[in-house]
Amino acid sequence: MSIPTMMKHTTIREPGDPDVLIPDQGPVPAVGAGEVLIRVEAAGVNRPDVMQREGNYNPPPGASLIPGLEVAGEIVAMDDSVTGFSIGDKVCALVSGGGYAEYCNAPAPQVLPVPDGLTMIEAAGVPENYFTVWTNVFERGGLKQGETILIHGGSSGIGTTAIQLAHLFGATVITTAGSDEKCQACLNLGADHAINYRDQDFAEQVKKITAGDGVNLILDMVGGDYIQKNISCLALEGRLVQIAFLQPPVNEINMMPVMINRLTITGSTLRPRTIKQKGAIADQLRQQVWPLFTAGKLKILVHETFALEDANEAHRMMESSVHIGKLILDTAK
Ligand SMILES: NC(=O)c1ccc[n+]([C@@H]2O[C@H](COP(=O)([O-])OP(=O)(O)OC[C@H]3O[C@@H](n4cnc5c(N)ncnc54)[C@H](OP(=O)(O)O)[C@@H]3O)[C@@H](O)[C@H]2O)c1
């Protein structure tokens, strides 16, 4: 198949509400050193894209200004230096921008084969969540078999991934979500306990569930008044991994329990990391997680798909938080 010179993509006209996302046309990107060019069949929508659209999460230097952090599609061109892939391979990739488009470049180390058993739509929902959860829960958070983890935002793309991986790697999973329907979806994915945080105080519930011991690890994307409550939920030597702030990041906190209980408070962002660092995470995913897809043990919950032209509708839905799992742009729609 020949590669056109122009493609459809989404442009962020200016920082603002979802309608600043507009359908646009532009040149198909040229393949850079160490990159593959992917004909995008589907692209994942992620909360960081919403923050970028609002003007609160600028692309790192050198990244495409087109939004979109993950794609699935077919390799149609590649730099001569790339090994391990061929033209025509069906892949999914983590990118630092450029996903909401018909064609997207990806550094080869961030490209993975489409996991066995997944459709291209499902595969587009894998990279951002799996790279993020792997590095924050297992590498940074050091989750071990037999430990207990509290995962906030259990019905989010990140949450649905973290629940399944933590469960499959032998942890007891407690999660929070904003409705009974969402809690049930989390239980269906392997969570042992799901707390509807709108009806119940999650810190009190965690104490009850753990008989006062607390949890070993917390994955949090909320911040604000969750910070002190999270600290109160941690067991001796517990770890809090902060991956976002849906509430403000600034809050006055009492650090005494951090000292007394020898706690670790950490966090990270994925996007600004180097290709080498992301490639190392990809290697871990390929070795430790891709076989779980092959075994049929992991599901990608796709809540809804949208045409590329309707990226604004996808963002509106994401901000409403009605979704359970992933929102995906389908370039064939
Ligand atoms: N650090 C990193 O490298 C990194 C990478 C990717 C994503 N992230 C972050 O991870 C989070 C999840 O991303 P995603 O793409 O999976 O987003 P998502 O699917 O939109 O999930 C966000 C969820 O958070 C819950 N929520 C929203 N506001 C809340 C609040 N004030 N208090 C408690 N819960 C709230 C909502 O569910 P409820 O109905 O349950 O409230 C919503 O479903 C985002 O904050 C994103 O920025 C971080």
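So in the range 238-253, with the set limited to residues that are of a type outside the set (A, V, I, L, M, F, W, C) and out of contact with any Ser or Thr (no Cβ under 9 Å at 6 or more places or on another chain), which one is nearest to the ligand (Cβ to nearest atom)?
Here is the first cut: in the range 238-253, the ones of a type outside the set (A, V, I, L, M, F, W, C) are 238-239, 242, 247-249, 251-252.
Subsequent filtering for residues that are out of contact with any Ser or Thr (no Cβ under 9 Å at 6 or more places or on another chain) retains 247-249, 251-252.
Details: 247: 5, 248: 10, 249: 12, 251: 13, 252: 19 Å.
Here the answer is 247.
Inspect the range 67-83 for any residue being surrounded by 24 or more Cβ atoms within 10 Å (Cβ to Cβ), in contact with a Phe, Trp or Tyr (Cβ under 7 Å, 6 or more places away or on another chain), modelled with pLDDT of 95 or more and not in a loop (DSSP other than H, G, I, E, B) and give the result as yes or no. Among the residues of the range 67-83, not one is surrounded by 24 or more Cβ atoms within 10 Å (Cβ to Cβ), in contact with a Phe, Trp or Tyr (Cβ under 7 Å, 6 or more places away or on another chain), modelled with pLDDT of 95 or more and not in a loop (DSSP other than H, G, I, E, B), which makes the answer no. Please pick out the residue among 36, 20, 28 that is more than 16 Å from residue 329 (Cβ to Cβ) and in contact with a Lys or Arg (Cβ under 8 Å, 6 or more places away or on another chain). On inspection, the qualifying residue turns out to be 20. Checked against the criteria, residue 107 does not count as out of contact with any Asp or Glu (no Cβ under 7 Å at 6 or more places or on another chain), in the same structural domain as residue 275 (by TED's automatic domain parsing) and not acidic (Asp, Glu). There is at least one residue in the range 137-150 that is within 12 Å of the ligand (Cβ to nearest atom), of a type in the set (A, V, I, L, M, F, W, C) and either touching an Asp or Glu at 6+ places or on another chain (Cβ under 6 Å) or at pLDDT 95 or above (or both). For first residues located in the range 316-333 and free of Cβ contacts under 8 Å to residues at least 40 places away in the same chain, partners that are within 9 Å of the ligand (Cβ to nearest atom) and assigned to a loop (DSSP other than H, G, I, E, B) and lie 6+ apart or on another chain with Cβ distances below 6 Å form the pairs 317/323. In the range 87-108 there is no residue matching the filter, namely being buried (at least 23 other Cβ atoms within 10 Å of the Cβ) and charged (D, E, K, R).
The combined condition, being closer than 15 Å to residue 328 by Cβ, of a type outside the set (Ser, Thr, Tyr) and within 14 Å of the ligand (Cβ to nearest atom), is fulfilled by residue 127. For the range 265-275, check the following and say yes or no: at least one residue is over 30 Å from residue 111 (Cβ atoms) and within 16 Å of the ligand (Cβ to nearest atom). Taking every residue of the range 265-275 in turn, at least one turns out to be over 30 Å from residue 111 (Cβ atoms) and within 16 Å of the ligand (Cβ to nearest atom).
Hey, can you tell me all the residues within the range 289-303 that are without any contact (Cβ under 8 Å) to a residue 40 or more places away in the chain and either surrounded by fewer than 16 Cβ atoms within 10 Å (Cβ to Cβ) or over 26 Å from residue 41 (Cβ atoms) (or both)?
In the first step, residues of the range 289-303 are kept if they are without any contact (Cβ under 8 Å) to a residue 40 or more places away in the chain; the result is 291, 295, 303.
Answer for the range 289-303, where residues must be without any contact (Cβ under 8 Å) to a residue 40 or more places away in the chain and either surrounded by fewer than 16 Cβ atoms within 10 Å (Cβ to Cβ) or over 26 Å from residue 41 (Cβ atoms) (or both): 291, 295.
Can we say residue 253 is β-branched (Val, Ile, Thr) and under 24 Å from the mean Cα position of the chain (by Cα)? Give the steps one after another, and end with the answer.
Working: β-branched (Val, Ile, Thr): yes; under 24 Å from the mean Cα position of the chain (by Cα): no.
Answer is no for this residue.
Among the residues in the range 100-107, are any farther than 30 Å from residue 75 by Cα, of a type in the set (Ser, Thr, Tyr), more than 16 Å from the ligand (Cβ to nearest atom) and modelled with pLDDT of 95 or more? There is no residue in the range 100-107 that is farther than 30 Å from residue 75 by Cα, of a type in the set (Ser, Thr, Tyr), more than 16 Å from the ligand (Cβ to nearest atom) and modelled with pLDDT of 95 or more. So is residue 37 within 12 Å of the ligand (Cβ to nearest atom), closer than 23 Å to residue 82 by Cα and either of a type in the set (Asp, Glu) or at pLDDT 95 or above (or both) or not? For residue 37, the condition - within 12 Å of the ligand (Cβ to nearest atom), closer than 23 Å to residue 82 by Cα and either of a type in the set (Asp, Glu) or at pLDDT 95 or above (or both) - is not met. So how many residues does the range 1-18 have that are under 22 Å from residue 307 (Cβ atoms) and either without any contact (Cβ under 8 Å) to a residue 12 or more places away in the chain or within 23 Å of the chain's Cα centre (by Cα) (or both)? Going through the range 1-18 one residue at a time, the tally reaches 8.
Test residue 28 against the criterion of being surrounded by 19 or more Cβ atoms within 10 Å (Cβ to Cβ) and more than 19 Å from the chain's Cα centre (by Cα), and give yes or no. Yes: the conditions hold for residue 28. Here the helices (runs of 4 or more DSSP H) wholly within the range 119-190 that include at least 2 residues being in contact (Cβ under 8 Å) with a residue 24 or more places away in the chain and charged (D, E, K, R) are 180-188.
The values are calculated or read from the model by the stated rules, or taken from the named source; none is laboratory data. Everything numeric in this text was worked out from a predicted model, so none of it was measured. We place every Cβ from the backbone using ideal geometry, glycine too, and count neighbours over all the protein chains shown.
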